[in-house]
Amino acid sequence: MNEPDEPIAIDILEDDDPPAPAAPKTGFLPIETNWFDRLFISVVIWVALSLFWFRFIEPAGVSIWISNAIALALAVLIISKG
């Protein structure tokens, strides 16, 4: 019934190894990014795609809304999986 007068926390800390750090999430982008970086990349792609669309595709009669839908789908993909 009589236990030594050691603090319990020392026994716990001495017996366990420190947990291994979690591996960082890797996506398909070749750089390390957070959600804001991926959002910024998506906005830049949206602007570039819109300018390309206005210059080359919209004069043929295709609506800019198709470009916006493509940019939105790319943004969702980049932000979630990138």
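Observations, loosely collected:
- Relative to the current alpha-carbon distance between residue 76 and residue 56, full extension at 0.36 nm per residue lengthens the span by 4.7 nm.
- Kirkwood Rh in Å, taken over all unlike Cα pairs in segment 39-82: 10.6 Å
The numbers here are math on the coordinates, done by the rules we state, and not lab data. Here the structure is a predicted model, which is why all the values come from computation and not from measurement.
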